[in-house]
Amino acid sequence: MTILETRGLTYSYPDGTVAVQDLDIKINKGKKIAFVGKNGSGKSTLFLLLNGTLKPKKGEILFHGAPFKYGSKALREIRKSIGIVFQNSDDQLFAPTVYQDVAFGPTNLDLPKEKVRELVDRALEQVGLIHLKDKPPHHLSGGQKKRVAIAGIMAMEPEVIILDEPLANLDPVGADEIMDLLNEFNHFGSTLIISTHDVDLAYRWSDYVYLMSNSKLIGEGAPEEVFRDVELLKEANLRQPSTLEIYNEIERRGLTNGRSSPKTVPELVNALKPPDLMWVDVPPGVKEGDTLNLGVLYGEYAQNSPYEAINARVLHIHPEGKAIAEISRRGFKAGCILIYDTDSYSHSEVIEVINEGEIDFVGAMGKRSKTLAEEDGIYLDVSSGVIDRSLLTALCGKRCLILTGGGMVDHALQRIRDYVEKSGIELNVGTVNRDGGGFCWLEGFEEPVDGGEPTHHI
Ligand SMILES: Nc1ncnc2c1ncn2[C@@H]1O[C@H](COP(=O)(O)OP(=O)(O)OP(=O)(O)O)[C@@H](O)[C@H]1O
Ligand SMILES: [Mg+2]
């Protein structure tokens with residue numbers, strides 16, 4: 001369903017600069033959209049048009065099928081539903097304290113005082129700035145200001161959230177946290193529109209991409225199509241995302257499993273074609289036809305490897321103890337990922353899960369879960385890119401625990417489920433404490449494609 005649409009949208013600034021020209025876009029509800037284009041291509045101007053801050057010179061904008069109106073009451077309604085985080089936070093922040101700034105939007109929605117307090121506290125906690133709530137915004141760092149501006153929009157819970165360069169000024173872990181938060185909003189139905197120069201982010205994160213150049217749209221489509229079009233990227237002054245560039249080089253050397261468009265490191269790993277046959281050292285007792293569960297260490301198959309596990313069927317045993325084995329990556333038995341829902345958190349329970357579940361690797365997603373772990377002295381192996389790094393660790397046969405709350409439990413499950421389905425790798429996934437329930441392994445995962453239980457672990 002289309003939520004926001006433009007038809008022939010055109011805007012020129014008073015000095016005559018044409019910044020947006022004849023734009024037709026259709027944004028579907030609940031999607032994650034990225035606008036990508038070089039400096040001065042018209043992204044910020046378009047965003048100001050999309051929430052009614054600027055009025056088109058030609059063309060129109062429709063929200064839920066109804067054309068924008070520009071009277072003050074109509075604009076108030078638009079801005080309630082379509083929130084924008086400006087590229088430059090100084091254009092957005094004006095109240096004497098961080099708290100008042102974030103409270104400005106919800107207060108204007110005529111919500112009860114208690115509700116406003118609840119929304120503001122939650123938004124500030126989510127962006128990790130609750131401790132700065134009494135500070136004047138102009139005394140904050142660039143990244144902190146950005147977080148306040150994002151909190152201010154999130155506290156209004158708009159249907160569409162537009163973010164102009166949301167990650168500019170944010171440190172890498174902070175950027176991951178904001179993206180996690182945006183994904184959470186998206187999970188609950190918000191439509192997200194961002195502009196970015198970061199092709200890796202646009203490729204990995206978005207459902208649909210628009211490329212802009214010199215005030216016009218020059219391309220659009222699914223990220224895997226747009227970012228494969230080298231000529232188009234050249235025209236837009238952009239480069240290919242790194243994972244795609246690495247994949248292309250591997251593919252040219254004939255080392256991939258068919259054609260794919262990996263977006264993350266675990267997907268890239270899964271795109272690699274393992275060698276078909278390999279000499280391996282086998283212990284006494286192994287017979288021809290046995291299945292071995294091996295690890296890969298620096299290109300050799302080795303015992304107790306900390307790297308990715310693989311299934312291998314012994315075809316022939318040489319008298320000197322070496323064997324020729326047929327390698328199969330699909331169907332090997334990887335480790336597990338457990339997700340603990342921190343919405344009802346108990347320190348002793350997490351420690352019990354870590355000990356009894358023989359957990360090797362712990363990660364936390366979302367500010368609240370990280371703070372809980374930090375306060376309780378739970379050592380975190382990873383606090384950014386948590387899902388991908390847990391997947392990579394589980395691929396090596398290890399047992400991982402992800403601490404997260406809110407909508408992120410479902411989001412994490414979905415990402416892991418997608419990976420399991422695409423890769424065919426057997427990975428146990430479970431939740432602890434979800435919605436106050438106990439422990440449960442998830443059902444419905446596909447059986448391994450081949451291999452099954454190895455007869456020997458070496
Ligand atoms: N207030 C203004 N008055 C006149 N021209 C402007 C104004 N603001 C922007 N422009 C011009 O409009 C064009 C589009 O600018 P815009 O800020 O929309 O680009 P952008 O894609 O957001 O760029 P960036 O990636 O640098 O943020 C540019 O040529 C810019 O110089
Ligand atoms: Mg801009």
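The numbers here are math on the coordinates, done by the rules we state, and not lab data. Bear in mind the structure is a predicted one, so any value in this text is a computation, not a measurement. Methodologically, a virtual Cβ is constructed for each residue, glycine included, from the backbone with ideal geometry; neighbour enumeration extends over all protein chains shown.
Below are the figures for this structure:
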| item | result |
| --- | --- |
| Dipole axis of the chain (+1 Lys, Arg; -1 Asp, Glu on Cβ), positive-most option in ILE25, THR2, SER215 | SER215 |
| Sequence of SER346, SER383 once ranked by neighbouring C-beta atoms within 10 Å, starting from the fewest | SER346, SER383 |
| Footprinting exposure proxy for LEU272, LEU167 (fewest neighbouring C-beta atoms within 10 Å first) | LEU272, LEU167 |
| Charged-residue dipole, Cβ positions (Lys, Arg, Asp, Glu), the chain about Cα centre, Debye nearest 20 | 1820 debye |
| Residue (of VAL280, TYR11, ILE194) at the positive-pole extreme of the chain, dipole from beta-carbon charges | TYR11 |
| On Cα atoms only, tilt of 113-126 relative to the major axis of the chain in degrees | 40 degrees |
| Listed residue (PRO241, SER81, ALA66) projecting farthest to the positive dipole end of the chain, Cβ model | ALA66 |
| Unit charges on C-beta of K, R, D, E only; dipole of region 2-240, Debye | 700 debye |
| Among the listed pairs LYS57/LYS145; LYS370/LYS422; LYS32/LYS263; LYS146/LYS367; LYS32/LYS146, those beyond 22 Å (Cα-Cα) | LYS57/LYS145; LYS370/LYS422 |
| 0 to 90° range, to nearest 10: angle between helix 347-356 axis and the chain longest Cα axis | 30 degrees |
| Whole-number percent relative contact order across the chain, with pairs defined as alpha carbons under 8 Å at least 6 apart | 14 percent |
| ³J(HN,Hα), Karplus 6.51/-1.76/1.60, whole Hz, each residue of region 360-372, x for Gly, Pro | 9, 8, 10, x, 10, 10, x, 4, 5, 5, 5, 5, 4 |
| Neighbourhood net charge (11 Å Cβ-Cβ; Lys/Arg +1, Asp/Glu -1) for LEU277 | -1 |
| Cβ-placed point charges (K, R +1; D, E -1), dipole of region 1-44 about Cα centre in debye, nearest 20 | 340 debye |
| The chain, helix-only ellipticity at 222 nm - DSSP H runs n ≥ 4, -39,500 (n - 2.57), divided by all residues, nearest 500 | -10000 deg cm²/dmol |
| Counting DSSP beta bridges with both ends in the chain, the antiparallel % (nearest 5) | 50 percent |
| Using θ = phi - 60° and Karplus 6.51 cos²θ - 1.76 cosθ + 1.60, couplings along region 60-71 (whole Hz; Gly, Pro as x) | 8, 10, 10, 10, 6, x, 9, x, 4, 10, 10, x |
| Neighbour-count ranking [beta-carbon atoms within 10 angstrom, fewest first] of VAL148, VAL116 | VAL116, VAL148 |
| In degrees, nearest ten, helix 242-252 long axis to first principal axis of the chain (Cα) | 40 degrees |
| From phi via Karplus (6.51, -1.76, 1.60), per-residue ³J(HN,Hα) for region 54-59 in Hz, x at Gly/Pro | 10, 10, x, 7, 8, x |
| Interchain or long-range residues, amide H under 5 Å from ASP198's placed H | none |
